[in-house]
Structures are given as C-alpha cells and as structure tokens.
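To start, the structure itself, in structure tokens.
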Protein chains: 2
Amino acid sequence: MRILHTADWHIGRTLAGFDLLPVQQRSFAALRQVAHDEHVDGVIIAGDLYDRGLAAESAVNTVNSMLRTLNREDGLPLLVISGNHDSAPRLATGSEWFSSTKFYLHTRLAEAFEPVTLGDTQFFLLPYFEPAMARAYFEDDNLTNIAAAMAPVIDRMVAQFAPDKRHVLVAHFFAAGSTHSGSETPVNVGGLDAVPLDLLAPFDYVALGHLHNRHAVNADRIQYAGSLVKFDVSETEQRKGVYILDTETMTRKFIEIPQTPDFIHIRGSFAEIMDPDFYHQVATDSFVQITLTDTEVIPDLMIQLRQVYPYCTGVDRAHGVQTSVTDKPVDRHLDPMALLAQFYADTNGTELTSEQRQWAQQALADVQ
Amino acid sequence: MRILHTADWHIGRTLAGFDLLPVQQRSFAALRQVAHDEHVDGVIIAGDLYDRGLAAESAVNTVNSMLRTLNREDGLPLLVISGNHDSAPRLATGSEWFSSTKFYLHTRLAEAFEPVTLGDTQFFLLPYFEPAMARAYFEDDNLTNIAAAMAPVIDRMVAQFAPDKRHVLVAHFFAAGSTHSGSETPVNVGGLDAVPLDLLAPFDYVALGHLHNRHAVNADRIQYAGSLVKFDVSETEQRKGVYILDTETMTRKFIEIPQTPDFIHIRGSFAEIMDPDFYHQVATDSFVQITLTDTEVIPDLMIQLRQVYPYCTGVDRAHGVQTSVTDKPVDRHLDPMALLAQFYADTNGTELTSEQRQWAQQALADVQ
C-alpha cells in the first residue's frame, strides 16, 4: 500500500503582507497530481491544516474544498489530525460523518487509541494535545509535560496492535533532537516538551507534522513531511514536497512540489539590482529577499523595488545604513519646524522649498 | 408526514453578561423530547443556528453536538439553512457528507433550487442571501433588493415543482408586514428588504426563521417558528416553542418549550422587593428585570439585588433617580480633591474621614 504523507499546510497564512492562498492552491494541485501519478491508497495530513484556529472564511472555504477534492472527487482515504495551529473543535465539525467515505479526522486525544486499519496497516491518529488534556484523560496528575504524557499514550496504542499488521503513528509534536526554522511558532520546542525518540520505537513509521523542514529530525522511521510551501526567507534553500510511504517495505521516497512563486535571495547595490541587465537574468516574479550593499538612505525604497520585484518580501543591508542624520548630533532644542528642515536637508541634500515649508508649517500647526 | 419547525437558536448568545448556553441546552433537550413524543419524520431549522459568524469553540461544540444528536442518534432527517447570523462558509463545513444520513444543509443560493424530497413533500431550502449574491447568480444587475431578488428565486423553484407533491419553502428573511422585537438585529427589516407575501403564494407552507416572535407575521401558511429561548426582556410575555407541521393536511400545532430559567418582571420599591415576605413568593432563580419605584441613589444596587435575584438582567426606574448631586450645580472650578470631598458628603451625608482623605490624596497624586 502506498500512502502520501503531508503536513503543515497552514492555510490562511500571509507573508510580508502577501496572501499565500494562491501559492498554497498551486501546491495543493501539484500534491493532488502526485497522489494520482503515484497511485497512492491514502493521504496522511499530520496537522496544522490551518494557520489560525479562528481562520478567515476564505481559508475555511479553501481547506473544505481541498479535503472534499481528495476524498470525494479522487476517492482517496484521508488520515488527518489537528495540529497546534488548528482549533480542534472547529476542525472537528462534521467529522462523525466523514468516515462514511474513509475520511478519518481525529481531533481529541481519546480518538487516538482507536486505530484506523487500511490494507496491511493500523494507523494511530494522535492529534496535538496539551499535557493538561492527558492528565484529565489518564486521571494522572504526574503528566506535567509532553514527554511524560506520551508514555501512557504510546502504551495504550501498543495494547491495540494487531500482530499481523504494520503500525504507523500520525502525530504533531516536537521530536527530541529536532532542529527548527524561522516559520514555526517558537513555543514548546525543546526540553520536556520534546518527545524522546525511543518512546516511538514500537512503530514501523511515524508520520509527523509540526516542524517545517523535512530534515528536522535525523531518524529513519520518524519523519516530518515539512510544510507544503515555503513560509520564510530562512527556508529559501529547502526543498518542499511530500513523502510516498510504501507500507509493505516501509521505505519512502520524497517527491518535490514546485514552489510558484519560489523564494530567491539577491544581493547587490541598489543600482545593480535595478539595472535591467541584472534583473532580466532574475526570476523577478519570485518572492525576493534583497540584501543591499549600499549604506545610504534610499527614499521610497520598497516602492521602487516592487516596481521590478513585485513580491519583494523584505530588504536588509549588508553593511548597515549610514545617514548624515545619525552621524550628526541632533540639536533637540530646535523647534519642530527647524528640526524637520534640518532632517530634510541632511537626507535630501537640498533645502525645503518655500512651498514645502508652508505645507510643513500647516501640518505642524494642525497637529498642535 | 410530521415535520418539526424550529429556528433562531442563536447558540453563543449572552444576556446581561450571562451565558445562555445552559438555557439553550435545556431547551434543546425539550425540543428533542417533543420530536420523540410527536413521532416527527424530520426537523426544519430555519437559520441562525449561531449567534455570531465567528462563534466561540464552546458554541461550535454545542451546535455540532445538537445536530449530531438529532441526526445520528435519533435518526431524524434534518432540513437546515444558514441565517444572517451564521457564517455560511463555516456552517457549510462537512455539508457534502451530511446528506448520507439525510441531513440536508444549504448555505449557498445555488443550492436552493435542488429540492429535497421527503415522503409527500418537496422542501426548498433557501439560505439567507444578500441581493449582491442574487445579482451574481442570475447575472441581473436589476436585483438591487431582496424583494426584487426573490421573484426569480421563487420562479426557479416553481419550475422544479413536482405536481404530485406538497411544496414547502424553508427560508430566513423578513416577510412584509411583520412586527419585530428587541432581540433581533435591527437591519434589513422593512421596505425593499421585506419579501412581499404574495410572492410566497405557490407554497403550501413557508417555514421561516429570522424574527424571534412566532406571531410576527399574520398569514396562515407563512410562519416564523420564533426563537427557541427568550433573548430579551421585551419577550417576557411571549411563549417559545416549535411547530409540528402535518404535510398531509398542511395544518400545524404549536408546542411550547418551557424556559428554565424563565423571564419575569417585578416592580416595587427597593425595600419591598428585598423583603423576604415578597421575594419568597417570586421565582427568584428566573431572569429578573426589575423596575424600582424609588427615586434615591442606592449604593451597590446590582450587587445587593443579585444576592436575592442571582439572574437579575437589569434595573430601570419608574420615576427616575433624584440625587442631591444632580440637583446641585457642580462647581467645576474646585480642584479634584475638593470635588471628591463634596461628592462624598452629598451622597453619604458625612464628611470624608482624615484617613479616607489621605487615601484619596494619594490616589489622586498617583493618577497625576
């Protein structure tokens, strides 16, 4: 049996003010094509379908449509859990009906212990949970962290193991020893909030979500799918995609999902990167992070950059910014008009015109 | 065939700071008992299941649980539309799966024209919609209001009529000539936003939601179910409940749903209503609106009242409030400490003690 493993869709996310929905829809279309081409028998989505518990209606429409497409149009069994970015009660809406078409959605800890059997494999769908939920469920006040809480969770799953089946855990947590990247929520990512890898030994494969880099954990049978799209300039060099797991051999392969637009990082002086000879060589319709080697102030910088690089996500300076203003001591005893005139002259190299001076005086008077 | 008609649950609503969820859950339990006792063959919910499009997780859990109970535990077909208080995309989550158990949920105008046939009746489930949606759907820019938009909507439904069936419209709008009460959102309730009754003539019965008083419209075949619970002191005298529609005879009966707590309105002086001889005769665990006949200021009024009437929703005064402060002109030139001292003396009849004066001076100094 061949199962596609994906996670961390984060539908509804934005990047530097850009709506990622069209990007995510293209990546989803590519995922769907992979599922078709690879003749998969089911799809694991290991949490964080949404970026926010209180998702916008457009995000709700998108997730609903994606799940409907895979399950009802393409007839694929779905194995889905809620992640820490999902609202479990909201995501759970309709879940009692979904299993009629082999769409298995678990959002509560109690649901984790009822395996879903497809073909040769038992799937245990463990949603993201807080230690307090485990304390209530197991009636054990000692389960004060995820590492402690996970032990009885795994024990209870192992008690359900059918000996003639493979055993796959689908979960959303921080596996001990993982590395993390800039686009993840920086909470619960270490120490006692990490799950020790040896606890996961009973499983033939652990299909994880939570970390956005598929290389985050270095263990053969324990894999993060990584996010479906890049979320942050720190992920520029990562390859995003999905795993295809073969449950017979318990081997997997990674299939890359093209990023449109992709992320690129360019570096140079303002004059260089705004030169057509330069930017005609660049995929300017990418998400572009720019490192400027100039040090001077450039007026309307982002407006100018986005005329060439419409999806510019941000600018940093290789050598900082030197302004005559910051070099000079500011005489804080000057009145606001004099300060403004000095600032204008320092940054523009020319004096205020009499018309500009009049506007500025009027504006200052209005403020006061 | 016998169909229960309810509407306007508004799950998630509060009243004077009180969570109505327990009240709504008790009313729902009573509704469920009515459905059982009356051997109904289905349940119409004519919109506004939620009070807000962005409902709290507790409200989402409650609505999900109610729908699951009626449809999956009790095996009742459900005929449900979204109202103006529902988020159509959020409510629609899972709807493609629901019809597998005869749960029909329509949230988009396009879905209104595909009748649901149960027994001897075609049900047309018309969700709440804005004129702009009708303009887009019919590609007709002249549909600038609900009255205009409803004509082609009804025409398209009539074209689907099976001649050997009854025809019931389930909808959520303001029917022309209706009266409305204090708990409804005061928008779109008149003029061109009202649906003329003669447009509804083709139907054997029109099961409406939107207005919270079941007597809002005076037409035999066109009925508001009214809200399931009272939402406002203006509804104290209303009886809340559900209709049972007999589709063979097209007759209906109203079955009252008890309100626990109910609303009451009491009137008297503070001394009278706080006298045990009085309040032992009163259902003090009701939502109590109080009209005081006193005119003087009563310190900590609500705190005192709620010791006897824990669900006091509000207090009004039959004859206004007379205070020595409001009778006297305030000398606005006094400094804050002097103003405070004067206010204290006016309202309490005694001067500030030296300790109080010291506290007040310190507090004023802190503020400044």
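The values are calculated or read from the model by the stated rules, or taken from the named source; none is laboratory data. Keep in mind the model is a prediction, meaning the values are calculated, not measured. We place every Cβ from the backbone using ideal geometry, glycine too, and count neighbours over all the protein chains shown.
With the structure loaded, tell me whether B:Ser58 is in a helix (DSSP H, G or I), at the interface with chain A (Cβ under 9 Å from one of its Cβ atoms) and over 18 Å from A:Pro89 (Cβ atoms) or whether it fails that test.
no
Filter the range B:100-127 down to residues that are within 14 Å of another protein chain (Cβ to nearest Cβ) and touching a strand residue (DSSP E or B) at 6+ places or on another chain (Cβ under 8 Å) and give me whichever is farthest from B:Met150 (Cα to Cα).
Out of the qualifying residues, it is B:Lys102.
Could you pull out the residue among B:Arg239, B:Arg306, B:Arg252 that is of a type in the set (Lys, Arg) and loosely packed, with under 14 Cβ neighbours inside 10 Å?
Answer to the selection: B:Arg306.
Cβ contacts < 6 Å: first residue farther than 14 Å from A:Ala363 by Cβ, restricted to the range A:334-345; second residue at pLDDT below 85 and not in a helix (DSSP H, G or I), any location; separation 6+ or different chain. Result?
Filtered contacts from the range A:334-345: A:Ala345/A:Glu351.
This table checks each residue for (1) within 12 Å of chain B (Cβ to nearest Cβ); (2) touching a residue at least 40 places away in the same chain (Cβ under 8 Å).
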| position | (1), (2) |
| --- | --- |
| A:Pro22 | no, no |
| A:Gln25 | no, no |
| A:Arg32 | no, yes |
| A:His36 | no, no |
| A:Asp51 | no, yes |
| A:Ser95 | yes, no |
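Going through B:Asn71, B:Asn64 one at a time, which residue ends up being at the interface with chain A (Cβ under 8 Å from one of its Cβ atoms), at pLDDT 95 or above and not in a loop (DSSP other than H, G, I, E, B)?
Details: B:Asn71 fails: at the interface with chain A (Cβ under 8 Å from one of its Cβ atoms).
After ruling out the rest, the residue left standing is B:Asn64.
Pick from B:Val315, B:Val297, B:Val288: which is assigned to a loop (DSSP other than H, G, I, E, B) and either at pLDDT below 90 or within 41 Å of the chain's Cα centre (by Cα) (or both)?
On inspection, the qualifying residue turns out to be B:Val297.
Please go through the range A:145-173 and pick out each residue that is under 30 Å from the mean Cα position of the chain (by Cα), at pLDDT 95 or above and β-branched (Val, Ile, Thr).
A:Val153, A:Ile154, A:Val168, A:Val170
Would you mind stating whether A:Pro89 is without any contact (Cβ under 8 Å) to a residue 24 or more places away in the chain and more than 14 Å from chain B (Cβ to nearest Cβ)?
No; evaluated as a whole, the condition is false for this residue.
Check the range B:134-143 and report whether any residue there is touching a helix residue (DSSP H, G or I) at 6+ places or on another chain (Cβ under 8 Å), among the basic types (Lys, Arg) and within 14 Å of chain A (Cβ to nearest Cβ).
Within the range B:134-143 (the criterion being touching a helix residue (DSSP H, G or I) at 6+ places or on another chain (Cβ under 8 Å), among the basic types (Lys, Arg) and within 14 Å of chain A (Cβ to nearest Cβ)), the answer is no, since none of the residues qualifies.
Restricting the first residue to the range A:127-146 and requiring it to be within 27 Å of A:Ile45 (Cβ to Cβ) and part of a loop (DSSP other than H, G, I, E, B), which pairs with a second residue that is modelled with pLDDT of 95 or more and among the charged types (D, E, K, R) meet a Cβ separation below 6 Å and a spacing of at least six or different chains?
Final answer for the pair search is A:Leu143/A:Arg135.
Tally up the residues in the range B:258-273 that are over 17 Å from B:Asp316 (Cβ atoms) and either at pLDDT 95 or above or assigned to a strand (DSSP E or B) (or both), please.
Total meeting the criteria: 1.
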